[in-house]
């Protein structure tokens, strides 16, 4: 549980003893509307959004990515991955790869799902920035540098 206090447009997070102003928050994460940032930074952390969970699943699975039948349902209960991915791509403009993933259904026939993945480390770095913006918008602390680096190492550098 995280506690935030407000002191003249500065916010202090007690678990990390970090100070930042709303202007600093907006400079590093311009996608968060200012009024929403103010509102969220002084409340307790709320549950993660679908977009945050989807970004985290993409990062956790590395270049393997996620696909509707196995990854997303078991990871965070996603039931409409194509819609969530479409929203995520429009919001972040990340270069998410879409590849067909063959599957044999229970009656023996073949079908395909779309596998979504971040193509390289630079895309993963951008995804982490968006993930941290979503985390801070709901009152959670951003990923640490070590957590971010561990996620980034799963991806190859862009050629």
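Coordinate-derived values only; no laboratory data. Everything numeric in this text was worked out from a predicted model, so none of it was measured.
For this structure, a couple of remarks:
- Contour minus Cα-Cα distance for residue 89 and residue 106 (0.36 nm per residue): 3.0 nm
- Evaluating kT/(6 pi eta Rh) at 10 °C and 1.306 mPa s, with the Kirkwood radius of segment 70-159 over Cα pairs in the Stokes-Einstein relation, gives 106 µm² s⁻¹.
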